[in-house]
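Only the coordinates and a few stated rules stand behind these numbers; no lab work does. All values derive from a computational prediction rather than experimental measurement. In this analysis, Cβ positions are derived from the backbone assuming ideal geometry, glycine residues included, and neighbour counts consider all displayed protein chains.
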Amino acid sequence: MLCLGGIGGAVAEQMPDAENGHYTLSPVADGVIRLDTRTGAVSTCSNNGNGWACYSVPDERAAFDAEIGRLQAENEKLKAQLAAREPTVSGKIDEPLPKSDSLKKPEPKAEGERKIEIPLPSDQDMDRMMSFLEQAWRRLVDMANRVQKDVSGKI
C-alpha cells in the first residue's frame, strides 16, 4: 500500500509537458503556471481529479500588438493623404509681418458694413432712474440725521 501511495505522489509531482526545458513551471495556490519558453504563451495548469489540465491565459500583449499595428497602418494612410494634398505654407516666411500699433484707433468702416448702435434710454427710463436716486439720497440723509441725533443725545 505504501508503494502505491509513493507512486501516486510521484505522478502528482510530475508536471505536464516538461520536456527539454520547453516549459518553465511555477507553483501557485491551485496548480502551476506554465510558460512556453519558445512562444511565450502562458497557461494555468491544475489537477481536477481526472488528471492535469492546462488552459491558456488570455494574452493582453497580442491585443496591444494588434491595436499598435492598426494604428500604425492608419497613421501611414493619413500621412499618404496629407502628402497628396497641395503644399502648405512652411513655418518661416521671407518678409517680416507688418507691425501694428495697439493704441491706434481702427479706421472707420465702409458704409456697406454693419454698424453697432446702442440705444439710449428713453425719457421714461431716465425718470425712473432719477426717482430711484432721489429716494436713495433722501434715505441716506435721513439715516445720517438719526445717527447725529443719537450721538448728540448720548454725549
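Things to note:
- Taking packing as the residue-averaged number of other Cβ atoms within 10 angstrom, the listed peptides 38-50, 69-81 run from highest to lowest as 38-50, 69-81.
- Inter-label distance, ASP127 to LYS79: 7.7 nm, where each label sits 7 Å from its Cα along the C-beta direction.
- Under Stokes-Einstein, with the Kirkwood radius over Cα pairs as Rh, the value for region 12-83 at 20 °C and 1.002 mPa s is 144 µm²/s.
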